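Peer 1: Before we start, here is the structure in question, set down as structure tokens.
The values are calculated or read from the model by the stated rules, or taken from the named source; none is laboratory data. Because the structure is predicted, anything quoted here is derived from the model rather than measured. Quick reminder, even Gly has a Cβ in these numbers, built from the backbone with ideal geometry, and neighbours come from all protein chains shown. Keep in mind that these areas ignore ligands, DNA and RNA; they rest on the heavy atoms of the full protein, side chains included. Shrake-Rupley method; radii C 1.70, N 1.55, O 1.52, S 1.80 Å.
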Amino acid sequence: MLEFAGGQHTDRETLFVEVILPLAIARNYTYRVPYEMNNAVAVGKRVVVQFGKSKLYTAIIASVGKLAPEKYEAKYVIELLDDRPIVTTHQLKFWQWLADYYMCNAGEVMNAALPSALKLASETKIAINKNFDYDRSSLHDKEFLIVDALDIQPELTVSDIVKLLGQKTVMPILKGLFEKNIIHISEDINDRYKPRTRTFITLNPIYQNQDNLRELFAILEKRAPKQADAVLAYIKLARHQKSISKAELIEESGAGASSIAALAEKDVFITEDKNVSRLYYDEEGDFSTFELSEQQQATLDTVREQFTEKDVTLLHGVTSSGKTQIYIRLIEEMMAAGRQVLYLLPEIALTTHIIERLRLYFGANIGVYHSRFNDNERVEVWQKVLNNEYKVVLGARSSVFLPFHDLGLIIVDEEHETSYKQYDPAPRYNARDAAIFLANMHGGKVLLGSATPSFESYYNARLGKYGLATLTERYGGVKLPEIEVVSIAKETKEKTMQSHFTSVLMADMVTALEQKEQVILFQNRRGYAPVLMCKICAYTPKCINCDVSLTYHKSSRKLHCHYCGYKEDVPNICPACGSTHLEYKGFGTEKVEDELSILLPDARMARMDLDTTRSRNSLQTILNDLEEKKIDILVGTQMVAKGLDFADVTVIGIINADSLLKFPDYRANERSYQMLAQVSGRAGRRGKQGKVVIQTYDPKHRVIQQVIENDYIGLYLTEMEERRSFKYPPFHRIINLDVKHKDPEIVNNQSLYIAAELRKHFGDERVIGPEYPLVGRIRNYYIKSIMLKFEKDTTSINKAKTIIRDVITQFQTTKLSKGSIVQPDVDPY
């Protein structure tokens, strides 16, 4: 359709808009514009349209023109929602690139990109925001009707509101209620992000006068000696630090919370609740006054130099080498030039200390965007980025969709993390790779940072496609942790194992606890026991929806499926043979925590995995307790490898490294090295050298030896030879096709048909499969996977995608395709 760049249209001119609907449809749909909207429609604005028999959707205008669709009669646009575009032309171009590259539809990209409140549809559920007070008298009649109905019924769909008001044009009314913060998307309220607060104490300024202070002490020492101790402790702390928390004051003075409260009532102390970081950071002095070390300054100069020639630079720095401080200097330069910066983080909830550091330094210019915010908050951030109020945005992968105007720099921290890849639903994009295209659109630069870079990024740096800068020393001269590998087989033979813990790890934990230090234990499996097995017939309970065994969780006393959420009671007798001899095999984080509490009964323990961090603020509570030394030993899954930075963690225990090393995947060695090195990097980050104990049945394993020697280059060179030989990335590109159906025989026939069609175009060498993946059935859908490998050539991969799309489309026109789902995944790993 012909697109108008702007300008006025006559009132009687017939205009059509091509819109992107938030649906997985192959083409954009065209609607006719009512004459009265002619001068208001523009690319990037939202419109309400009817699609299908009766459903209403919020769509984005992709183009405006005069050509009517040839194959169908265009329906009229029902309502125009915006005074100005909420999606930029840069974003629309970015959405189209994502749809083309990742083989999905523009509507699926729109669904991922826009906050729910910006794309209301007939089935969207609305609820009252109970956390917000408002004046009902300020509502007009139709707003009052909606609010009144929501008081009676907690949730209403947009369709319900259409019936309630007896009109289709309800979106502008709902938009107004959203903007007033009176309503919200109901499913989002449970995930609302709540920042951590801490009470800080200041002494009333009148007591800066020495005479007033002496008079105060004279009164308190006679009547309330504990309160006098608190004031004395405050004066002592104030000599060395700018801000004093209530917790610090209680610890220093020995006075209770009641004494502090009494002093606050007397206006001796002034209390203030502030949002603070959930993780440790060094508050000594003003953060903005830090100085780079000689090595950091040299690395920063290298990055600047590389940016003059390359659009992307890889910063390879060991754990705790001070990469964040280099990022801050680069952000400062971009802001001085008036350009925007996007700082991508793999796990926003675990890297809040970075947010607080940057907010201390850049103030109100910085915004945060992630899924823990409710929908109204996400819309607010969207609007502020659109209005260019935020110069710096920190966020998880979804923040690449924000409406930036002039991105000068994108920082991708821990760029190797698999969290940057979205697996379901489409678009199955990698935020790191998408960020490179996004920066290129804006004429900006990308800095990839990691202690253990992905092999693709390091390959591109060695090839000269990316720039390369390195940091080889920890900040402040702190040594890398000492790593000791302990053989589980040997200790089992010598009978020195205590439960799942070797004598070495037990001794190191006891020593750390005696010295008031903290311990983190890593076991990459949640639950209590992965398998329940009958000793007589070897029966194992399996999920009724998925082809996986059920995991026992002691907290719920049930067997759980980690794929679909199915649960069932633990059997007392074997359903197969009737035996009562059932036993648990293997162990997860629950069992580690449980058995350690018996071996070290005085240690205060906590567990950090998906089960303990589901509820609202549970993750923050665990991290707060760890920071405040209310936890001695933290047991966790891979969550403990991402972003934890605590002063007193000196011992790291990896309970079983073999579960990482023996995984059947061509990336197993790379991922194992990254995980082991990152977990090890949590130890001894503040002055004292840490200790890492790796427990394994294979202490001579090549990857473990390379972790001990910090030999990333050796690992890289060895793995690259294998990948070149077997045609894996970065030498070849991979596209996976997952074919799904509820009948195993049908999915087998469907996948064989698609594979045969693909072989006609690409030959046997490039098409592998179909094969069942590791888990061949999930949520009652049987899965067969077809892998396609292509030479790393832009022309051939684009042609290949066109052919694959055509094959899928042709398959979907056949009777054989009934009930099937075909999911392409580009760059799946």
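Peer 1: Where Lys and Arg each count +1 and Asp and Glu each count -1, what net charge lies around Pro154 among other residues with Cβ under 11 Å from its Cβ? Show your work: numbers first, answer last.
Peer 2: Numbers: positive: Lys125, Lys130; negative: Asp151, Glu155.
Result for the local shell: 0.
Peer 1: Could you give the length gained by full extension between Ile713 and Ala40, i.e. 0.36 nm per residue of separation minus their alpha carbon distance, to one decimal place? Display every interim value, and only then the final one.
Peer 2: Details: separation 673, 0.36 × 673 = 242.28 nm, distance 5.84 nm.
Full extension from Ile713 to Ala40 adds 236.4 nm.
Peer 1: Another question, then. If packing is taken as the mean number of other Cβ atoms within 10 Å per residue, what is the order of 310-320, 543-553, highest first? Please list the in-between numbers first.
Peer 2: On the way: 310-320: 22.4, 543-553: 19.8.
My ranking of the peptides, most packed first, is 310-320, 543-553.
Peer 1: Then there's this: Of Pro22, Thr621, Ser751, whose Cα points farthest to the positive end of the dipole of the chain (charges on the beta-carbon: +1 Lys, Arg; -1 Asp, Glu; origin at the Cα centre)?
Peer 2: Looking along the dipole axis, the top candidate is Ser751.
Peer 1: Moving on to the next point. Given the chain, what percent of its DSSP beta bridges are antiparallel, to the nearest 5?
Peer 2: On the way: 69 of 121 bridges.
Antiparallel bridges make up about 55 percent of those DSSP assigns within the chain.
Peer 1: Between the range 136-178 and the range 365-417, what is the separation of their alpha carbon centroids in Å?
Peer 2: 30 Å
Peer 1: Given a Förster distance of 45 angstrom, what is the FRET efficiency for Tyr563 paired with Lys688, based on the Cβ-Cβ distance and rounded to 0.05?
Peer 2: Rounded to the nearest 0.05, the efficiency is 0.60.
Peer 1: Can I ask one more? Between Thr496 and Asp625, with labels modelled 7 Å along Cα→Cβ, what's the label distance in nm to one decimal, could you check?
Peer 2: 3.3 nm
Peer 1: Got the relative contact order for the chain handy, in percent, Cα pairs under 8 Å and 6 or more residues apart? Spell out each step's value before the answer.
Peer 2: Details: 1487 pairs, mean separation 82.2, N = 829.
Result for the chain is 10 percent.
Peer 1: For the chain, what is the calculated [θ] at 222 nm in deg cm²/dmol (nearest 500), taking -39500 (n - 2.57) for each run of four or more DSSP H residues and dividing by its residue count? Write down the numbers at each step before the final one.
Peer 2: Numbers: 25 runs with 286 residues, N = 829.
Helix contribution divided over all residues of the chain: -10500 deg cm²/dmol.
Peer 1: Can you give the accessible area of Lys516 in Å² (nearest 10), computed on protein heavy atoms with a 1.4 Å probe?
Peer 2: Counting only protein heavy atoms, the figure is 150 Å².
Peer 1: When Lys and Arg each count +1 and Asp and Glu each count -1, what net charge do the other residues less than 14 Å away from Leu220, Cβ to Cβ, add up to?
Peer 2: Combined, the nearby Lys, Arg, Asp and Glu give 0.
Peer 1: Could you tell me what percent of the accessible area of the chain is made up of carbon and sulfur, with a 1.4 Å probe and every protein chain present?
Peer 2: 48 percent
Peer 1: Measuring from label point to label point, each 7 Å out along Cα→Cβ, what is the Arg462 to Asp547 span in nm?
Peer 2: Output for this residue pair reads 3.7 nm.
Peer 1: Give the accessible area for Leu237 in Å² (nearest 10); use a 1.4 Å probe, count only protein heavy atoms, and leave out ligands, DNA and RNA.
Peer 2: Looks like 20 Å² after rounding.
Peer 1: At 0.36 nm per residue, minus the direct Cα-Cα distance, what do Asp273 and His405 gain on full extension? Give it in nm, one decimal, please. Each step should come with its number before you reach the end.
Peer 2: On the way: separation 132, 0.36 × 132 = 47.52 nm, distance 3.51 nm.
Extra length from Asp273 to His405 when fully extended: 44.0 nm.
Peer 1: Ok, one more. Assign unit charges at the C-beta atoms only (+1 for Lys and Arg, -1 for Asp and Glu), then state the dipole size of the chain relative to its Cα centre in Debye, rounded to the nearest 20. If you can, show how the numbers build up before the last one.
Peer 2: Numbers: 106 positive and 108 negative charges, 359 e Å.
Dipole of the chain, to the nearest 20 debye: 1720 debye.
Peer 1: Take the alpha-carbon centre of the range 480-557, take the same for the range 688-760, and report the distance between them in whole Å.
Peer 2: Cα centres, the range 480-557 to the range 688-760: 25 Å.
Peer 1: Counting only other residues whose beta carbon sits under 13 Å from that of Gly464, what net charge do I get with K and R as +1, D and E as -1?
Peer 2: Around Gly464, the charge tally is +1.
Peer 1: What FRET efficiency comes out for the pair Ser659/His240, r = Cβ-Cβ distance, R0 = 45 Å, nearest 0.05? Please list the in-between numbers first.
Peer 2: On the way: r = 46 Å, r/R0 = 1.01.
Approximately 0.50, to the nearest 0.05.
Peer 1: Would you mind putting 326-334, 452-460, 806-814, 496-504 in packing order, based on average other-beta-carbon counts within 10 Å, highest first? Could you put the intermediate results ahead of the total?
Peer 2: Numbers: 326-334: 19.6, 452-460: 22.3, 806-814: 13.8, 496-504: 17.9.
Ranking the peptides 326-334, 452-460, 806-814, 496-504 by packing returns 452-460, 326-334, 496-504, 806-814.
Peer 1: Considering only protein heavy atoms, what per residue accessible area in square angstrom results for the chain with a 1.4 angstrom probe? Walk me through the numbers on the way to the answer.
Peer 2: Details: 37460 Å² over 829 residues.
Per-residue value: 45 Å².
Peer 1: Lys/Arg Cβ at +1, Asp/Glu Cβ at -1, dipole of the chain taken about the Cα centre: which of His741, Val592, Gln498 is farthest positive-ward?
Peer 2: His741
Peer 1: Percent of Cα-Cα pairs more than 27 Å apart in the range 50-185, please.
Peer 2: Working: 2762 of 9180 pairs.
Value for the range 50-185 (Cα pairs over 27 Å): 30 percent.
Peer 1: Per residue of the range 29-39, in order, report the coupling 6.51 cos²θ - 1.76 cosθ + 1.60 (Karplus, θ = phi - 60°) as ³J(HN,Hα) in whole Hz, putting x for Gly and Pro.
Peer 2: In residue order, the calculated couplings are 10, 10, 10, 8, 8, x, 3, 5, 9, 3, 7 Hz.
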